[in-house]
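A.B. asks: First, the structure itself, so that you have it in front of you.
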Amino acid sequence: MILAPSLLAAPLADLGKAAQDMEEAGATWLHLDIMDGHFVPNLTFGPGTVRDLKGKVQAFLDVHLMVEDPAFWIEPFAQAGADLLTIHIEADRHPQRTLAAIRKRGLQAGLALSPATHESVLEYLWDDVDLILLMTVNPGFAGQAFLPPVLEKIRRVKAQAEARGWRGYIQVDGGVDERTGPLCAEAGAGVLVAGQAIFGHPDPKAAFRNLLRRLKGADDRG
Ligand code: DX5
Ligand code: ZN
């Protein structure tokens, strides 16, 4: 069970400190949300910010690209030090080509599905992905409400992964907190992203530790 704090929900003028705090609390992954104002109606940060963070922490940098034409961004984010690049299937006409290019560049490749995208799109892509991200909000903002229908999708993707012997990560992102996170873990998610549930708390380090403890308990039952 991995809990990846989403730095989008941290004070953006103090990202380095937020990243270091999360590492001190025990985070081994950091989730970085890249938005281009086209695929989603918001703007965040780019490769320069990722490069600066890379110099401050040891954590695995999980970069979630909410951008059109994600293939264009492989090289800039690879040079910045990203460890994993996740693209949205809704943003790419040729996802298999882009996923293969990410791996060829030496990074792990993730594929994200927005809430209304059916998991059947995975049919011809299982061999090309290290991570499948099932969005539990419409991408674009931290602090949105969790969409419960996606729980069934998590269960179905987990069942398909097991049937195929696929050994990658199933990640969930959006509205994950102490109530919804354990439901996702029980449904089969192994990597949970949380923004507001951690950084909206007066003590984000304590919030990280408490949420991770809850998720591990749910994982043992799942
Ligand atoms: C939403 C982003 C998420 C977001 C999560 O588009 O992909 O990573 O920051 O934040 P919470 O946990 O607050 O929904
Ligand atoms: Zn994200």
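The values are calculated or read from the model by the stated rules, or taken from the named source; none is laboratory data. Model, not experiment: these values are computed from the prediction. Cβ coordinates were reconstructed from backbone atoms using ideal geometry, including for glycine residues, and neighbour counts include every protein chain displayed. To get the accessible areas, we keep the full protein, side chains included, count just its heavy atoms, and leave off ligands, DNA and RNA. Shrake-Rupley method; radii C 1.70, N 1.55, O 1.52, S 1.80 Å.
A.B. asks: Just add up the charged neighbours of Ala25: K/R +1, D/E -1, any other residue whose Cβ is under 12 Å from the Cβ of Ala25.
C.D. replies: In short, -1.
A.B. asks: Do any trypsin sites (Lys or Arg not before Pro) in the range 7-98 lie in a DSSP loop with no more than 14 other beta carbon atoms within 10 Å, and if so, which?
C.D. replies: For trypsin sites (Lys or Arg not before Pro) across the range 7-98 that sit outside H, G, I, E and B with at most 14 neighbouring Cβ atoms in 10 Å, the list reads Lys56, Arg93.
A.B. asks: Something else now. Tell me the relative contact order for the chain as a rounded percent, counting alpha carbon contacts under 8 Å between residues six or more apart.
C.D. replies: The normalised contact order for the chain reaches 20 percent.
A.B. asks: Expressed in nm², what is the orientationally averaged projection area of the convex hull enclosing the Cα positions of the chain?
C.D. replies: One quarter of the hull surface, i.e. the mean projection, equals 10.8 nm².
A.B. asks: In whole Å and largest first, what semi-axes does the C-alpha gyration tensor of the range 96-222 yield when each eigenvalue is scaled by 5 and square-rooted?
C.D. replies: Values: eigenvalues 127, 52, 41 Å².
In descending order the semi-axes read 25, 16, 14 Å.
A.B. asks: Working out 0.36 nm times the residue gap between Lys17 and Ala163, then minus their Cα-Cα distance, what length gain in nm do you get to one decimal?
C.D. replies: Here the answer is 48.4 nm.
A.B. asks: Once you list every other residue whose beta carbon is under 14 Å from the beta carbon of Leu53, what net charge do they have if Lys and Arg are +1 and Asp and Glu are -1?
C.D. replies: Net charge in that neighbourhood comes out at -3.
A.B. asks: Quickly estimate the mean residue ellipticity at 222 nm for the chain, helices only: each DSSP H run with n ≥ 4 gives -39500 (n - 2.57), and the total goes over all residues, rounded to 500.
C.D. replies: Per the formula, -11000 deg cm²/dmol.
A.B. asks: Karplus couplings for the range 112-128 from phi (6.51 cos²θ - 1.76 cosθ + 1.60, θ = phi - 60°), rounded to Hz, Gly and Pro as x?
C.D. replies: The phi angles translate into 9, 10, 5, x, 8, 8, 6, 5, 4, 5, 6, 2, 9, 10, 4, 6, 9 Hz.
A.B. asks: Here is a follow-up. Can you pull the percent of the chain's accessible area that's carbon plus sulfur, 1.4 Å probe, other chains left in place?
C.D. replies: 49
A.B. asks: With point charges of +1 on the Cβ of Lys and Arg and -1 on the Cβ of Asp and Glu, referenced to the Cα centre of the range 72-222, which listed residue (Val176, Phe141, Gly217) lies farthest in the positive direction of the dipole?
C.D. replies: Gly217
A.B. asks: Enumerate the calculated ³J(HN,Hα) couplings along the range 189-205 in order (Karplus 6.51 cos²θ - 1.76 cosθ + 1.60, θ = phi - 60°), each rounded to whole Hz, writing x wherever the residue is Gly or Pro.
C.D. replies: For the range 189-205, the Karplus-derived couplings read 6, x, 10, 10, 9, 9, x, 4, 5, 9, 7, x, 8, x, 10, x, 5 Hz, x marking Gly and Pro.
A.B. asks: Among DSSP beta bridges lying fully in the chain, give the percent that are antiparallel, nearest 5.
C.D. replies: 5
A.B. asks: Any of Lys54/Lys158; Lys54/Lys205; Lys158/Lys216; Lys56/Lys153; Lys153/Lys216 with alpha carbons more than 26 Å apart? Name them for me. Please report the intermediate quantities before stating the final value.
C.D. replies: Details: Lys54/Lys158 31 Å; Lys54/Lys205 20 Å; Lys158/Lys216 17 Å; Lys56/Lys153 36 Å; Lys153/Lys216 21 Å.
Long pairs (Cα-Cα over 26 Å): Lys54/Lys158; Lys56/Lys153.
A.B. asks: Based on the Cβ-Cβ distance of Ser120 and His38, what FRET efficiency does E = 1/(1 + (r/R0)^6) give at R0 = 22 Å, to the nearest 0.05?
C.D. replies: Rounded to the nearest 0.05, the efficiency is 0.30.
A.B. asks: When the Cα centres of the range 43-70 and the range 91-116 are compared, how far apart do they sit, in Å?
C.D. replies: Each part's Cα centre sits 16 Å from the other's.
A.B. asks: Considering only DSSP states other than H, G, I, E and B, which trypsin sites (Lys or Arg not before Pro) in the range 121-196 qualify as loop sites with at most 16 other Cβ atoms within 10 Å?
C.D. replies: Arg167, Arg179
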